[in-house]
Amino acid sequence: MKTSKRAEPLRVLAHLVRDSRVGPVHLCVFLALVLSKRGTGSFDVQRREVSRLAKIKGKGTYYRVMKDLAEWGYIGYWPRKGREGSEVEVRMMQC
């Protein structure tokens with residue numbers, strides 16, 4: 001059975017929910033990244049925008065969660081300094 005492109009983030013989200021390492025903040029940030037995604041492949045994100053969508057306030061929380069999601073294989077994350085934002089890739093793994 002072939003899965004539509006729209007269903008892929010939902011499959012990954014279902015996998016995230018079953019992962020014991022993942023907390024509510026991780027889910028919120030992942031959803032914010034999916035909402036921010038434009039096109040295929042990697043894209044640039046602004047910390048403030050993702051934090052606003054995920055309803056988190058602390059910089060440290062944002063960076064910790066992004067690092068966790070990258071280490072666990074849910075996203076590719078290449079932080080950059082300055083106003084240009086970081087590069088992110090939402091990984092649609094086989095679940």
Notebook entry, point to check: Which pairs do you get when a residue that is modelled with pLDDT of 75 or more, found in region 82-95, comes within reach of a residue that is of a type in the set (Phe, Trp, Tyr), reach meaning Cβ atoms under 7 angstrom, with the pair 6+ apart or on two chains?
Noted result: 86/77; 86/78; 87/78; 88/43; 88/77; 91/74
Item checked: Top-ranked residue in region 37-71 [being touching a strand residue (DSSP E or B) at 6+ places or on another chain (Cβ under 7 Å) and either β-branched (Val, Ile, Thr) or exposed (fewer than 12 other Cβ atoms within 10 Å of the Cβ) (or both); ranked as farthest from residue 27 (Cα to Cα)] -> 41
Check: Which condition breaks for residue 18 when tested against (1) surrounded by fewer than 10 Cβ atoms within 10 Å (Cβ to Cβ); (2) among the charged types (D, E, K, R); (3) modelled with pLDDT of 95 or more?
Finding: (3)
Margin query: Taking the conditions exactly as written (in contact with a Pro (Cβ under 7 Å, 6 or more places away or on another chain) and surrounded by 13 or more Cβ atoms within 10 Å (Cβ to Cβ)), does residue 86 satisfy them or not?
Written below: yes
Next item on the list: Hey, could you check region 43-91 for residues that are small (Gly, Ala, Ser) and within 19 Å of residue 11 (Cα to Cα) and say which is farthest from the chain's Cα centre (by Cα)?
Entry: 73
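The values are calculated or read from the model by the stated rules, or taken from the named source; none is laboratory data. Here the structure is a predicted model, which means the values were calculated and not measured. Cβ sites come from the backbone with ideal geometry, for glycine too, and all protein chains shown count toward neighbours.
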